[in-house]
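Trainee: Handing you a structure now.
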Amino acid sequence: MRKPIRKAVFPVAGLGTRFLPATKAIPKEMLPVIDRPLIQYAVDEAREAGIEQMIFVTGRGKTALIDHFDMAFELETTMRDRAKDMEALEPTRLRPGNLATVRQQVPLGLGHAIWCARGIVGEEPFAILLPDELMIGSPGCMKQMVAAYEEVGGNLISVLEVPREEVSSYGVITPGARDGALTEVKGLVEKPKAEDAPSNLIVSGRYILQPEVMRTLEGQEKGAGGEIQLTDAMARMIGSQPFHAVTFAGKRYDCGSKAGFVEATLAIALERDDLRDEVRKIARRLLGD
Ligand code: UTP
(Lines give C-alpha, C1' and ligand atoms only; values in the text may rest on other atoms or scores of the structure.)
Protein backbone atom coordinates (compact mmCIF):
# COMPACT_ATOMS: atom_id res chain seq x y z
CA MET A 1 0.00 0.00 0.00
CA ARG A 2 1.30 3.45 -0.94
CA LYS A 3 0.90 6.28 1.52
CA PRO A 4 -1.93 8.52 0.22
CA ILE A 5 -1.26 12.12 -0.82
CA ARG A 6 -3.00 14.13 1.89
CA LYS A 7 -1.01 17.37 1.91
CA ALA A 8 -0.32 20.03 -0.71
CA VAL A 9 2.22 22.82 -0.48
CA PHE A 10 1.48 26.09 -2.28
CA PRO A 11 4.57 28.30 -2.51
CA VAL A 12 3.20 31.85 -2.50
CA ALA A 13 6.08 33.86 -1.07
CA GLY A 14 7.47 35.20 -4.37
CA LEU A 15 7.63 38.93 -5.02
CA GLY A 16 5.64 38.89 -8.25
CA THR A 17 7.81 41.63 -9.75
CA ARG A 18 6.56 41.01 -13.29
CA PHE A 19 3.13 42.27 -12.27
CA LEU A 20 4.18 45.48 -10.50
CA PRO A 21 2.60 47.80 -9.60
CA ALA A 22 -0.48 45.51 -9.33
CA THR A 23 1.38 43.25 -6.90
CA LYS A 24 2.78 45.98 -4.67
CA ALA A 25 0.07 45.59 -2.02
CA ILE A 26 -1.70 42.39 -3.07
CA PRO A 27 -0.14 38.99 -3.68
CA LYS A 28 0.25 37.83 -7.27
CA GLU A 29 -1.72 34.70 -6.38
CA MET A 30 -4.76 36.89 -5.53
CA LEU A 31 -4.97 38.29 -9.07
CA PRO A 32 -8.27 37.06 -10.49
CA VAL A 33 -8.81 35.20 -13.73
CA ILE A 34 -12.43 36.36 -14.30
CA ASP A 35 -13.89 36.00 -10.79
CA ARG A 36 -11.57 33.60 -8.97
CA PRO A 37 -8.08 34.39 -7.72
CA LEU A 38 -5.27 32.14 -8.96
CA ILE A 39 -4.92 30.54 -5.53
CA GLN A 40 -8.55 29.40 -5.68
CA TYR A 41 -8.02 27.49 -8.93
CA ALA A 42 -5.01 25.72 -7.40
CA VAL A 43 -6.78 24.85 -4.13
CA ASP A 44 -9.81 23.55 -6.08
CA GLU A 45 -7.49 21.37 -8.17
CA ALA A 46 -5.91 19.90 -5.01
CA ARG A 47 -9.30 19.21 -3.44
CA GLU A 48 -10.52 17.52 -6.60
CA ALA A 49 -7.50 15.19 -6.26
CA GLY A 50 -8.62 14.22 -2.74
CA ILE A 51 -6.05 16.33 -0.89
CA GLU A 52 -7.25 17.67 2.46
CA GLN A 53 -4.45 19.64 4.06
CA MET A 54 -3.35 22.86 2.35
CA ILE A 55 -0.02 24.40 3.33
CA PHE A 56 0.75 27.95 2.16
CA VAL A 57 4.36 29.12 2.21
CA THR A 58 3.83 32.85 2.52
CA GLY A 59 5.75 36.03 3.17
CA ARG A 60 5.04 39.58 4.28
CA GLY A 61 2.06 41.22 2.60
CA LYS A 62 0.39 37.90 1.79
CA THR A 63 -2.36 37.96 4.42
CA ALA A 64 -5.10 38.39 1.79
CA LEU A 65 -4.42 34.80 0.70
CA ILE A 66 -5.27 33.48 4.13
CA ASP A 67 -8.23 35.85 4.59
CA HIS A 68 -9.63 34.55 1.31
CA PHE A 69 -10.13 31.11 2.89
CA ASP A 70 -11.40 32.48 6.21
CA MET A 71 -14.89 33.50 7.23
CA ALA A 72 -15.80 37.05 6.18
CA PHE A 73 -18.14 37.79 9.07
CA GLU A 74 -19.45 41.23 8.04
CA LEU A 75 -19.81 40.31 4.38
CA GLU A 76 -21.61 37.09 5.16
CA THR A 77 -23.92 38.65 7.75
CA THR A 78 -24.86 41.47 5.39
CA MET A 79 -25.41 39.07 2.50
CA ARG A 80 -27.56 36.82 4.68
CA ASP A 81 -29.64 39.82 5.92
CA ARG A 82 -30.24 40.85 2.30
CA ALA A 83 -31.08 37.27 1.31
CA LYS A 84 -28.24 37.21 -1.23
CA ASP A 85 -27.05 33.94 -2.74
CA MET A 86 -23.93 32.78 -0.86
CA GLU A 87 -22.96 30.08 -3.31
CA ALA A 88 -20.05 32.04 -4.77
CA LEU A 89 -18.34 31.85 -1.37
CA GLU A 90 -18.58 28.05 -1.17
CA PRO A 91 -15.15 27.28 -2.72
CA THR A 92 -13.47 29.56 -0.16
CA ARG A 93 -14.54 27.36 2.74
CA LEU A 94 -11.99 24.86 3.96
CA ARG A 95 -12.61 22.51 6.84
CA PRO A 96 -11.36 24.13 10.07
CA GLY A 97 -7.71 23.18 10.57
CA ASN A 98 -7.12 22.31 6.92
CA LEU A 99 -5.10 25.43 6.09
CA ALA A 100 -1.66 25.79 7.63
CA THR A 101 0.79 28.55 6.84
CA VAL A 102 4.49 28.98 7.25
CA ARG A 103 6.61 32.00 6.36
CA GLN A 104 9.60 31.91 4.09
CA GLN A 105 10.95 35.24 5.48
CA VAL A 106 13.29 35.83 2.51
CA PRO A 107 12.31 34.63 -1.00
CA LEU A 108 15.45 32.63 -1.69
CA GLY A 109 13.86 30.47 -4.37
CA LEU A 110 11.28 27.76 -4.91
CA GLY A 111 13.42 25.01 -3.36
CA HIS A 112 13.88 27.07 -0.23
CA ALA A 113 10.13 27.81 -0.07
CA ILE A 114 9.33 24.08 -0.14
CA TRP A 115 11.97 23.35 2.50
CA CYS A 116 10.29 25.91 4.78
CA ALA A 117 7.23 23.58 4.91
CA ARG A 118 9.24 20.54 6.13
CA GLY A 119 7.83 20.60 9.68
CA ILE A 120 4.21 20.55 8.50
CA VAL A 121 4.80 18.05 5.70
CA GLY A 122 6.52 15.55 8.01
CA GLU A 123 7.38 12.06 6.80
CA GLU A 124 4.87 11.54 4.04
CA PRO A 125 4.71 12.09 0.28
CA PHE A 126 3.15 15.42 -0.62
CA ALA A 127 1.97 17.49 -3.57
CA ILE A 128 3.21 20.89 -4.71
CA LEU A 129 1.10 23.27 -6.80
CA LEU A 130 2.42 26.57 -8.16
CA PRO A 131 -0.68 28.77 -8.33
CA ASP A 132 0.65 31.01 -11.09
CA GLU A 133 0.57 28.05 -13.46
CA LEU A 134 -3.08 27.59 -14.20
CA MET A 135 -3.86 24.02 -15.26
CA ILE A 136 -7.25 23.41 -16.79
CA GLY A 137 -8.34 19.87 -17.54
CA SER A 138 -10.90 17.26 -16.74
CA PRO A 139 -9.84 15.50 -14.62
CA GLY A 140 -7.54 18.21 -13.27
CA CYS A 141 -3.76 17.95 -13.45
CA MET A 142 -3.25 16.92 -9.81
CA LYS A 143 -5.95 14.28 -10.07
CA GLN A 144 -4.17 12.83 -13.11
CA MET A 145 -0.91 12.87 -11.15
CA VAL A 146 -2.40 11.18 -8.08
CA ALA A 147 -3.77 8.44 -10.37
CA ALA A 148 -0.26 7.98 -11.83
CA TYR A 149 1.25 7.97 -8.33
CA GLU A 150 -1.11 5.18 -7.29
CA GLU A 151 0.31 3.19 -10.21
CA VAL A 152 4.06 3.82 -9.93
CA GLY A 153 4.70 5.59 -6.59
CA GLY A 154 7.92 7.53 -6.00
CA ASN A 155 8.30 11.05 -7.34
CA LEU A 156 6.27 12.58 -10.14
CA ILE A 157 6.36 15.85 -12.02
CA SER A 158 3.97 17.17 -14.60
CA VAL A 159 5.51 18.00 -17.98
CA LEU A 160 4.47 19.45 -21.28
CA GLU A 161 6.03 19.92 -24.67
CA VAL A 162 7.03 23.40 -25.80
CA PRO A 163 8.88 24.67 -28.88
CA ARG A 164 12.61 24.16 -28.30
CA GLU A 165 13.43 27.89 -28.37
CA GLU A 166 11.25 28.38 -25.26
CA VAL A 167 12.90 25.82 -22.96
CA SER A 168 15.44 28.20 -21.44
CA SER A 169 12.85 29.70 -19.06
CA TYR A 170 11.99 26.34 -17.47
CA GLY A 171 13.16 23.13 -15.84
CA VAL A 172 13.74 20.52 -18.57
CA ILE A 173 13.82 16.71 -18.27
CA THR A 174 16.05 14.08 -19.84
CA PRO A 175 13.40 11.55 -20.85
CA GLY A 176 13.77 7.79 -20.55
CA ALA A 177 11.28 5.06 -21.43
CA ARG A 178 7.77 6.20 -22.23
CA ASP A 179 4.55 4.35 -21.42
CA GLY A 180 1.41 6.31 -22.35
CA ALA A 181 1.32 9.53 -20.34
CA LEU A 182 4.20 8.34 -18.11
CA THR A 183 7.83 9.05 -18.99
CA GLU A 184 10.77 7.94 -16.91
CA VAL A 185 12.88 10.92 -15.79
CA LYS A 186 16.63 10.32 -16.22
CA GLY A 187 17.79 13.84 -15.53
CA LEU A 188 16.63 17.38 -14.81
CA VAL A 189 18.17 20.74 -15.53
CA GLU A 190 16.92 24.24 -14.67
CA LYS A 191 16.81 26.93 -17.38
CA PRO A 192 19.26 25.36 -19.89
CA LYS A 193 20.26 27.16 -23.09
CA ALA A 194 18.06 25.93 -25.96
CA GLU A 195 21.06 24.26 -27.65
CA ASP A 196 22.08 22.40 -24.45
CA ALA A 197 18.55 21.29 -23.46
CA PRO A 198 18.11 17.50 -23.16
CA SER A 199 14.55 17.68 -24.57
CA ASN A 200 11.64 20.05 -25.12
CA LEU A 201 9.68 18.58 -22.19
CA ILE A 202 9.38 21.28 -19.55
CA VAL A 203 8.44 20.86 -15.92
CA SER A 204 5.13 22.57 -15.27
CA GLY A 205 4.14 23.56 -11.77
CA ARG A 206 2.77 20.32 -10.30
CA TYR A 207 4.76 17.77 -8.32
CA ILE A 208 4.31 14.76 -6.04
CA LEU A 209 7.46 14.24 -4.02
CA GLN A 210 8.72 11.93 -1.33
CA PRO A 211 9.65 13.53 2.01
CA GLU A 212 13.37 12.80 1.41
CA VAL A 213 13.41 15.88 -0.85
CA MET A 214 13.42 18.00 2.33
CA ARG A 215 16.73 16.47 3.42
CA THR A 216 18.12 16.93 -0.08
CA LEU A 217 17.16 20.61 0.07
CA GLU A 218 18.81 21.01 3.46
CA GLY A 219 21.96 23.06 3.00
CA GLN A 220 21.63 23.05 -0.78
CA GLU A 221 23.67 25.67 -2.64
CA LYS A 222 22.08 28.34 -4.84
CA GLY A 223 21.55 27.36 -8.47
CA ALA A 224 20.30 29.12 -11.62
CA GLY A 225 19.38 32.79 -11.04
CA GLY A 226 21.07 32.72 -7.60
CA GLU A 227 18.03 30.89 -6.17
CA ILE A 228 17.75 27.62 -4.27
CA GLN A 229 16.17 25.51 -6.97
CA LEU A 230 13.72 22.67 -6.44
CA THR A 231 14.85 21.23 -9.78
CA ASP A 232 18.41 20.76 -8.45
CA ALA A 233 17.14 18.86 -5.39
CA MET A 234 14.92 16.64 -7.52
CA ALA A 235 17.80 15.97 -9.92
CA ARG A 236 19.87 14.67 -6.99
CA MET A 237 17.12 12.19 -6.08
CA ILE A 238 16.99 10.56 -9.51
CA GLY A 239 18.49 7.08 -9.34
CA SER A 240 17.77 6.52 -5.67
CA GLN A 241 13.97 6.69 -6.03
CA PRO A 242 11.53 6.12 -8.91
CA PHE A 243 11.02 9.35 -10.87
CA HIS A 244 8.40 9.84 -13.55
CA ALA A 245 6.93 12.65 -15.59
CA VAL A 246 3.22 12.79 -16.35
CA THR A 247 2.23 14.48 -19.59
CA PHE A 248 -0.81 16.49 -18.61
CA ALA A 249 -3.86 15.99 -20.79
CA GLY A 250 -5.22 19.52 -20.60
CA LYS A 251 -4.22 23.16 -20.97
CA ARG A 252 -1.62 25.11 -19.06
CA TYR A 253 -1.51 28.90 -18.82
CA ASP A 254 1.54 30.71 -17.51
CA CYS A 255 -0.15 33.33 -15.34
CA GLY A 256 3.23 34.49 -14.06
CA SER A 257 3.60 36.36 -17.37
CA LYS A 258 1.33 39.13 -18.61
CA ALA A 259 0.54 37.61 -22.00
CA GLY A 260 -0.12 34.22 -20.37
CA PHE A 261 -2.49 35.86 -17.93
CA VAL A 262 -4.45 37.52 -20.74
CA GLU A 263 -4.54 34.20 -22.61
CA ALA A 264 -5.92 32.41 -19.53
CA THR A 265 -8.59 35.05 -19.01
CA LEU A 266 -9.74 34.89 -22.60
CA ALA A 267 -9.59 31.09 -22.86
CA ILE A 268 -11.53 30.54 -19.63
CA ALA A 269 -14.12 33.18 -20.56
CA LEU A 270 -14.65 31.40 -23.88
CA GLU A 271 -15.19 28.11 -22.01
CA ARG A 272 -17.77 29.50 -19.59
CA ASP A 273 -21.46 29.27 -20.44
CA ASP A 274 -22.22 32.59 -18.74
CA LEU A 275 -19.60 34.52 -20.73
CA ARG A 276 -18.83 32.70 -23.98
CA ASP A 277 -21.20 34.47 -26.37
CA GLU A 278 -20.57 37.97 -25.10
CA VAL A 279 -16.79 37.58 -24.96
CA ARG A 280 -16.68 36.01 -28.43
CA LYS A 281 -18.50 39.07 -29.79
CA ILE A 282 -16.14 41.44 -28.00
CA ALA A 283 -13.05 39.56 -29.22
CA ARG A 284 -14.32 39.59 -32.82
CA ARG A 285 -15.03 43.32 -32.62
CA LEU A 286 -11.61 44.09 -31.13
CA LEU A 287 -9.88 42.04 -33.80
CA GLY A 288 -11.88 43.79 -36.51
CA ASP A 289 -13.35 40.56 -37.96
P1 UTP B 1 8.25 32.88 -9.80
O2 UTP B 1 9.50 32.37 -10.39
O3 UTP B 1 7.11 33.12 -10.73
O4 UTP B 1 8.62 34.19 -9.00
O5 UTP B 1 7.81 31.86 -8.67
P6 UTP B 1 7.77 35.39 -8.40
O7 UTP B 1 8.63 36.08 -7.43
O8 UTP B 1 6.44 34.91 -7.87
O9 UTP B 1 7.42 36.33 -9.64
P10 UTP B 1 8.34 37.36 -10.49
O11 UTP B 1 9.23 36.50 -11.32
O12 UTP B 1 9.07 38.26 -9.55
O13 UTP B 1 7.33 38.11 -11.30
C14 UTP B 1 7.02 30.69 -8.91
C15 UTP B 1 6.23 30.37 -7.66
O16 UTP B 1 7.09 30.11 -6.55
C17 UTP B 1 6.84 31.01 -5.48
C18 UTP B 1 6.08 32.18 -6.10
O19 UTP B 1 5.22 32.79 -5.14
C20 UTP B 1 5.31 31.52 -7.23
O21 UTP B 1 4.08 30.96 -6.80
N22 UTP B 1 8.11 31.39 -4.85
C23 UTP B 1 9.17 31.75 -5.61
C24 UTP B 1 8.23 31.37 -3.47
O25 UTP B 1 7.27 31.03 -2.75
N26 UTP B 1 9.42 31.71 -2.91
C27 UTP B 1 10.49 32.07 -3.66
O28 UTP B 1 11.54 32.36 -3.07
C29 UTP B 1 10.35 32.10 -5.05
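Trainee: Would you mind telling me which numbered condition in (1) in contact with a strand residue (DSSP E or B) (Cβ under 7 Å, 6 or more places away or on another chain); (2) buried (at least 16 other Cβ atoms within 10 Å of the Cβ); (3) small (Gly, Ala, Ser) Ala177 fails?
Mentor: (2)
Trainee: Scan segment 196-210 for residues that are away from the ligand (no atom under 16 Å from the Cβ) and either farther than 30 Å from Val43 by Cβ or not in a loop (DSSP other than H, G, I, E, B) (or both) and report the count. Write out each step before concluding.
Mentor: Filtering segment 196-210 down to residues away from the ligand (no atom under 16 Å from the Cβ) leaves 196-201, 208, 210.
Those left that are additionally either farther than 30 Å from Val43 by Cβ or not in a loop (DSSP other than H, G, I, E, B) (or both): 196-201, 208.
Total satisfying the criteria: 7.
Trainee: Now for a separate question. Which residue pairs have Cβ atoms closer than 9 Å, lie 6 or more positions apart in sequence or on different chains, and pair a first residue in segment 114-127 that is more than 12 Å from Ile51 (Cβ to Cβ) with a second residue that is of a type in the set (Gly, Ala, Ser)?
Mentor: The qualifying pairs are Ile114/Ala233; Trp115/Ala233; Cys116/Ala13; Ala117/Ala100; Ile120/Ala100.
Trainee: Here is a follow-up. Among the residues of segment 216-256, what is the count of those that are away from the ligand (no atom under 16 Å from the Cβ), over 22 Å from Glu133 (Cα atoms), part of a loop (DSSP other than H, G, I, E, B) and of a type outside the set (Ser, Thr, Tyr)? So that I can check it myself, show each step before the final result.
Mentor: Going through segment 216-256, the residues away from the ligand (no atom under 16 Å from the Cβ) turn out to be 216, 218-219, 235-251.
Next cut, over 22 Å from Glu133 (Cα atoms) only: 216, 218-219, 236-242.
So of that shortlist, the ones also part of a loop (DSSP other than H, G, I, E, B) come out as 218-219, 239-240, 242.
Going one step further and asking which of them are of a type outside the set (Ser, Thr, Tyr), we end up with 218-219, 239, 242.
Residues that pass the stated criteria total 4.
Trainee: In addition: Do we have Val159 as of a type in the set (Val, Ile, Thr), closer than 22 Å to Ile5 by Cα and out of contact with any helix residue (DSSP H, G or I) (no Cβ under 8 Å at 6 or more places or on another chain) here? Can you show your working first?
Mentor: Values: of a type in the set (Val, Ile, Thr): yes; closer than 22 Å to Ile5 by Cα: yes; out of contact with any helix residue (DSSP H, G or I) (no Cβ under 8 Å at 6 or more places or on another chain): yes.
When the stated conditions are applied, Val159 passes them.
Trainee: Identify all residues within segment 7-58 that are in contact with a Cys (Cβ under 9 Å, 6 or more places away or on another chain) and more than 13 Å from the ligand (Cβ to nearest atom); write none if there are none.
Mentor: Selection gives Val33, Glu45, Ala49.
Trainee: Is segment 68-85 home to any residue that is of a type in the set (Phe, Trp, Tyr) and surrounded by 23 or more Cβ atoms within 10 Å (Cβ to Cβ)? First the steps, then the outcome.
Mentor: Of the residues in segment 68-85, the ones of a type in the set (Phe, Trp, Tyr) are 69, 73.
Right, trim to surrounded by 23 or more Cβ atoms within 10 Å (Cβ to Cβ) and you get none.
Checked against the condition, which is being of a type in the set (Phe, Trp, Tyr) and surrounded by 23 or more Cβ atoms within 10 Å (Cβ to Cβ), segment 68-85 yields no hits at all.
Yes/no matrix, rows are residues, columns are (1) assigned to a helix (DSSP H, G or I); (2) within 27 Å of Arg6 (Cβ to Cβ):
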{"site": "Arg60", "(1), (2)": "no, no"}
{"site": "Asp67", "(1), (2)": "yes, yes"}
{"site": "Leu75", "(1), (2)": "yes, no"}
{"site": "Glu90", "(1), (2)": "yes, yes"}
{"site": "Thr101", "(1), (2)": "no, yes"}
{"site": "Gln105", "(1), (2)": "no, yes"}
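Trainee: Return a yes/no flag: does segment 55-62 have any residue that is farther than 25 Å from Thr265 by Cα, at pLDDT below 95 and of a type in the set (Val, Ile, Thr).
Mentor: no
Trainee: Among the residues that make up segment 109-127, is at least one of them under 14 Å from the mean Cα position of the chain (by Cα) and part of a strand (DSSP E or B)?
Mentor: Within segment 109-127, one or more residues are under 14 Å from the mean Cα position of the chain (by Cα) and part of a strand (DSSP E or B).
Trainee: So Val213 clears everything in (1) assigned to a strand (DSSP E or B); (2) surrounded by 21 or more Cβ atoms within 10 Å (Cβ to Cβ); (3) of a type in the set (Val, Ile, Thr) except one condition, right? Which one?
Mentor: (1)
Trainee: Within segment 63-77, take every residue that is in contact with a strand residue (DSSP E or B) (Cβ under 8 Å, 6 or more places away or on another chain) and under 22 Å from Leu108 (Cβ atoms) and give me the one that is nearest to the ligand (Cβ to nearest atom). Steps first, please.
Mentor: Step one: of segment 63-77, the residues in contact with a strand residue (DSSP E or B) (Cβ under 8 Å, 6 or more places away or on another chain) are 65-66, 68-69.
Pick out the ones that are also under 22 Å from Leu108 (Cβ atoms) and you get 65-66.
Values: Leu65: 10, Ile66: 14 Å.
Residue satisfying both the conditions and the ranking: Leu65.
Trainee: Now for a separate question. Only one of Gly50, Gly122 is surrounded by fewer than 13 Cβ atoms within 10 Å (Cβ to Cβ), over 22 Å from Arg215 (Cβ atoms), modelled with pLDDT of 95 or more and of a type outside the set (S, T, N, Q); which? Let's see the steps before the verdict.
Mentor: Details: Gly122 fails: over 22 Å from Arg215 (Cβ atoms).
After applying the criteria, what remains is Gly50.
Trainee: Starting from segment 7-25, take each residue that is farther than 16 Å from Gln53 by Cβ and list its partners that are more than 6 Å from the ligand (Cβ to nearest atom) and in a strand (DSSP E or B), counting only C-beta distances under 6 angstrom and pairs at least six apart or across chains.
Mentor: So the pair list comes out as Ala13/Thr58.
Trainee: So, one more: What are the residue pairs meeting all of these: first residue in segment 246-268, first residue over 25 Å from Pro175 (Cβ atoms), second residue crowded, with 16+ Cβ neighbours inside 10 Å and of a type in the set (Val, Ile, Thr), Cβ atoms under 8 Å, and 6 or more apart or on different chains?
Mentor: Short answer, once both residue conditions are applied: Cys255/Val33; Phe261/Val33; Ala264/Val33; Thr265/Val33; Leu266/Val279; Ala267/Ile136; Ile268/Val33; Ile268/Ile136.
Trainee: Counting only residues that are β-branched (Val, Ile, Thr) and in contact with a Leu (Cβ under 8 Å, 6 or more places away or on another chain), how many does segment 163-199 have?
Mentor: 4
Trainee: Checking Phe10 against (1) of a type outside the set (A, V, I, L, M); (2) closer than 22 Å to Gln105 by Cβ; (3) in a loop (DSSP other than H, G, I, E, B), which test does it fail?
Mentor: (3)
The values are calculated or read from the model by the stated rules, or taken from the named source; none is laboratory data. No experiment lies behind these values; they were computed from the predicted model shown. Heads up, the Cβs are rebuilt from the backbone with ideal geometry, glycines too, and the neighbour counts pull from every protein chain shown.
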